[in-house]
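Step one of this worksheet: look at the structure below.
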Amino acid sequence: MTSEEFARITGVSRETLEGFETWHRLLEETNAHTNLVGRSTLADFWERHALDSYQLWDHIPHGSRRFADLGAGAGFPGIALALGLKDKSLDGQVLMIDSVGKKVAFLKKVIAETGIPAEARSIRVEALDPDTVVDVVTARAFAPLHKLLGYAHPLLKKGAVGLLFKGRRFEEELTEARKNWTFEVEVIPSRTSDGVILRIEEVKRVR
């Protein structure tokens with residue numbers, strides 16, 4: 001997939017596409033000396049990373065403005081969501097959390113060069129301020145679902161919706177998670193892989 005094909009599929013503006021291109025360039029430059037993503041995946045950036053992340057906009061509840069991306073890594077999907085906020089002229093922010101300093105330094109560089117409405121914090125997810133309130137919680141390749149729900153629960157119990165990327169073994173993860181949690185889940189096929197997006201709400205710990 002090319003950048004032009006990505007723009008046609010998503011409908012993003014030329015300015016927003018330039019933001020994605022800046023992100024792509026910085027990722028290639030940084031990944032040459034600091035391992036952020038598998039180098040083999042960079043050749044397929046537009047589908048495997050950009051479109052894979054941006055497809056969340058098809059499933060974000062109307063009116064959502066505040067996002068938390070847990071284990072943000074190189075910004076998938078947090079950077080894409082922030083670029084979407086800017087593209088749609090929405091007053092909101094994406095909070096990206098990662099415990100690895102070099103990844104947060106990269107995220108901050110992307111934020112500075114693109115001017116997107118986002119913040120990156122170098123903290124462990126469990127150290128997030130318990131008073132934090134968001135509309136949507138996201139995570140991609142961060143933790144098994146039963147652990148991820150534990151990390152996200154302080155945000156989900158306040159009414160946030162979880163949009164969580166999972167691979168082909170998602171049913172096993174759902175089964176394991178249900179040993180400790182009850183929740184409502186919608187399984188959404190991914191547009192870019194054989195994985196899924198889990199839309200999770202009403203999360204409660206099993207007593």
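The values are calculated or read from the model by the stated rules, or taken from the named source; none is laboratory data. All values reported here derive from a predicted model rather than from experimental measurement. Protein only, heavy atoms only, side chains kept; ligands, DNA and RNA dropped before computing areas. Shrake-Rupley method; radii C 1.70, N 1.55, O 1.52, S 1.80 Å.
What accessible area per residue comes out for the chain, rounded to a whole number of Å², with a 1.4 Å probe? Can you show the working numbers first?
On the way: 9920 Å² over 207 residues.
Value returned for the chain: 48 Å² of accessible area per residue.
Express the carbon and sulfur contribution to the solvent-accessible surface of the stretch 27-74 as a percent, rounded to the nearest whole number, probe 1.4 angstrom.
Working: 890 of 2030 Å².
Carbon plus sulfur share of accessible area: 44 percent.
Take every DSSP beta bridge with both residues inside the chain and express the antiparallel ones as a percent of the total, to the nearest 5.
Working: 13 of 31 bridges.
Once the DSSP bridges in the chain are tallied, antiparallel ones form about 40 percent.
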ask   = Distance from the Cα centre of the stretch 6-65 to that of the stretch 86-108, in angstrom?
value = 13
task = Determine the share of the stretch 105-207's accessible area contributed by carbon and sulfur atoms, expressed in whole percent, with a 1.4 angstrom probe.
result = 47
task = Give the span of the chain's Cα atoms along each principal axis, as three whole-Å numbers ordered largest to smallest.
result = 49, 35, 33
message = To test your reading of the geometry: what angle, between 0 and 90 degrees and rounded to tens, separates the Cα axis of helix 78-87 from the longest principal axis of the chain?
response = 70
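What does the C-alpha gyration tensor say about the overall shape of the stretch 32-134? Classify as rounded when a/c is under 1.5, otherwise prolate if a/b is larger than b/c, or oblate.
Values: a/c = 1.72, a/b = 1.13, b/c = 1.52.
Oblate, because a/c is 1.5 or more while a/b does not exceed b/c.
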Given LYS86/LYS109; LYS109/LYS179; LYS158/LYS179; LYS103/LYS204; LYS157/LYS179; LYS88/LYS109, the pairs whose alpha carbons are separated by over 29 Å = LYS109/LYS179; LYS103/LYS204
